[in-house]
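Below is one structure, written out as structure tokens, with a few remarks after it.
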Amino acid sequence: MSNSRTVSRTAAEFARSNGPGEYHAPWWLPGGHSQTIYARTLGRRYSVSYRRERWETPDGDFIDFDWLDETSEARKLLILFHGLEGCSGSHYALSLLAEFHRSGWRAVVAHFRGCTGEPNRLARSYHSGDSREIDWILRRLKDANPQARIYAVGVSLGGNMLLKWLGEEGAAAAAPIERAVAVSAPLDLVAAAGVLDAGLNRLIYTSHFLRYLRPKALGKITAHGLAIDTQALRGCSTFRQFDDLFTAPVHGFKDALDYWRRSSSKPWLKEIQLPTLLINARNDPFLPAYALPQPDEVSPAVSLEFPAAGGHVGFVTGGFPGCLNWLPNRVLSFFDENRLGYPR
């Protein structure tokens, strides 16, 4: 096992030196907030046509998958796990899948429960630590595509879920997938909630997410007769309040703090044995830089890339109005066996 870990680290270092290079934000887009918010406007520049497929889950619910309209028999398959209240139309999904499609890959976006505009059937929804859902999706995807080499990308919340699964599974993660990348993952959910629930972040980001999360939760309370205070839920203005009232009790946690601690992927990074790349900007408004892992907090299979700028899934490059090409190319360079010297 030690030999395979050494090869993984060497391959990742090779990718860093021969891929698209270290990220540098354009001069005209300074600061983590502007980089985060502006990147969302660039999604419309990427044209992707999807085919939707629905899977029934073992517990009687459903999950929707959006596939590229692709007739190729390409053996490489990308699966993308989106962020909180994200979907296949999110800017990072569009730019990633457009570039992978151009490169001849098959690709699919796995939507978490209730994230395609139709409420899921059960009282439960999705949450930051639901690594068992990741496990079921990846293993079923591999069963359905046994000849494919599957690679996984998790963004934000989806990145935290993917990393937690990688750590829990250890060597067994290599059964369904080849490599993984996590982008802007809130690795330490206590630290992430702390900055999101305070000051300007609370006004910009937390209020935005709660505009979507509150109505969904209220609908579930009504549909399933949940014993949750609807008046308090309507009035909540922080993630701590929302997770205390809804996320934690519905998904089996004592309270918000218990949920965050048990769902954070950071403690699992030392257990990862699959080649994995973490990309987090140090000016990400969703996670303070002090919470980023140090090299001695991750396994040799994990490569860390923490550029000074980029915001939260921002990574805009080029002259105005800019583009989102850096991240897809960085991910491709990490996944490309030919560039890394791996056999096909």
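The values are calculated or read from the model by the stated rules, or taken from the named source; none is laboratory data. Model, not experiment: these values are computed from the prediction. Note: ideal-geometry Cβ built from the backbone for every residue, glycine included; neighbour counts use all protein chains shown. Each accessible area value is taken on the protein alone, full model and side chains, heavy atoms only, with ligands, DNA and RNA left out. Shrake-Rupley method; radii C 1.70, N 1.55, O 1.52, S 1.80 Å.
For the range 35-85, the solvent-accessible area of protein heavy atoms averages 50 Å² per residue (probe radius 1.4 Å; ligands and nucleic acids excluded).
Any chance you could check the Cα centroid distance between the range 267-310 and the range 151-218 for me, in angstrom? Computed from Cα coordinates, the inter-centre distance equals 13 Å. Remark: the Val190-Ala175 segment gains 2.3 nm on full extension, using 0.36 nm per residue and subtracting the alpha carbon distance. Our coupling estimate for the range 290-298, obtained by passing each phi through the Karplus curve with A = 6.51, B = -1.76, C = 1.60 and θ = phi - 60°, is 5, 8, 5, x, 8, x, 7, 9, 10 Hz, Gly and Pro reported as x.
Would you calculate, for the chain, the mean residue ellipticity at 222 nm contributed by helices, counting each DSSP H stretch of 4 or more residues as -39,500 (n - 2.57) and dividing by all residues, to the nearest 500?
Dividing the helical sum by the residues of the chain leaves -10500 deg cm²/dmol.
Using the Cβ of Gly235 as centre and a radius below 14 Å, the other residues enclosed give a net charge of +2, where K and R count +1 and D and E count -1. Of the solvent-accessible surface of the range 47-144, computed with a 1.4 Å probe and all protein chains present, 47% belongs to carbon and sulfur.
For the listed peptides 294-307, 277-290, a ranking on the average number of other beta carbons within 10 Å per residue, highest first, reads 277-290, 294-307. Against the chain, whose longest principal axis is taken from its Cα atoms, helix 2-18 shows a tilt of about 80°. Less than 5 angstrom separates the built amide H of Ser264 from those of Leu189, all sequence-distant by 5 or more or on a different chain.
Global size of the range 225-290: 15.8, 46 Å for Rg and Dmax (C-alpha atoms, Rg to one decimal, Dmax whole). Solvent-accessible surface of the range 170-228, averaged per residue with a 1.4 angstrom probe and all protein chains in place: 39 square angstrom.
Which order do peptides 46-57, 81-92, 194-205, 251-262 fall in by mean Cβ count within 10 Å, highest first?
81-92, 251-262, 194-205, 46-57
Helix 157-169 and the long axis of the chain differ in direction by around 70°, with both axes built from C-alpha atoms. Here each label is just a point 7 Å from Cα along the line to Cβ, and for Ala227 and Arg44 those points are 4.8 nm apart.
Counting only DSSP beta bridges with both residues in the chain, what percent are antiparallel, rounded to the nearest 5? Antiparallel bridges: around 30 percent, rounded to the nearest 5.
Under the simplified labelling scheme, the Trp136-Arg75 pair shows an inter-label distance of 3.1 nm, with each label point 7 Å from Cα along Cα→Cβ. If I fit a long axis through the Cα atoms of helix 326-335 and take the longest principal axis of the Cα atoms of the chain, what angle between them do I get, 0 to 90°, rounded to 10? Computed tilt is about 60 degrees.
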